[in-house]
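Single-structure report; data block below.
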Amino acid sequence: MTMNEPHIMMLYKVELYIKLSILKLLKNFNLKEFNCPNPIAFVEAEDPDDACHKAIGKLMSLILKQDDSIETRMLCFRVFNDIKVDKVSKPK
């Protein structure tokens, strides 16, 4: 791909796993579609790795928009290290 070629974005379905102990730490936040142990995020991305990055980033942004304090940033760091991607696929 050259510099002038457009990036092709595709829709991906990213299935995550969030430990219940982490969800309890996030109980004061409105997590929307992430408010369960196995949330599913739909994101447009260039490739599966980018989709995983964007899905987790979507959760982090959702939390930080509600509270941008140092404590919340530290909590996001912990959540980031404990969240797992179970599966990435293209929706049918």
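Taking the helices alone, the chain has a mean residue ellipticity at 222 nm of -13000 deg cm²/dmol, built from -39,500 (n - 2.57) per DSSP H run of at least 4 residues and averaged over all its residues. Residue separation of Ile70 and Leu11 scaled by 0.36 nm, minus their Cα-Cα distance, works out to 17.9 nm of gained length. Charged neighbours of Phe29, selected by a Cβ distance under 11 Å, balance to +2 (K, R count +1; D, E count -1). Note on the chain: with charges restricted to the Cβ of Lys and Arg (+1) and Asp and Glu (-1), its dipole about the Cα centre is near 480 debye. For P(r) over Cα pairs in 10 Å bins from 0, in percent, one of (i) 16, 53, 28, 2; (ii) 15, 35, 22, 13, 10, 5, 1; (iii) 16, 46, 26, 10, 2 was computed from the structure I shared and the rest are decoys. Which label? Answer label, from the structure shown: (iii). The distance between label points at Ile40 and Ser61 comes to 2.2 nm (points 7 Å beyond Cα on the Cα→Cβ vector). Bridging of Lys27 to lysines at a Cα separation below 16 Å is possible for Lys19, Lys65, once same-chain residues fewer than 8 apart are set aside.
Would you mind putting 65-72, 25-32 in packing order, based on average other-beta-carbon counts within 10 Å, highest first?
Values: 65-72: 10.8, 25-32: 13.2.
Order by mean packing, descending: 25-32, 65-72.
Taken together, the values in this text are just the output of simple stated rules run on the coordinates, not laboratory data. Fair warning: this is a prediction, and the values are worked out from it, not measured in the lab. Don't worry about glycine lacking a Cβ; one is built from the backbone with ideal geometry, like all the others, and counts go over all protein chains shown.
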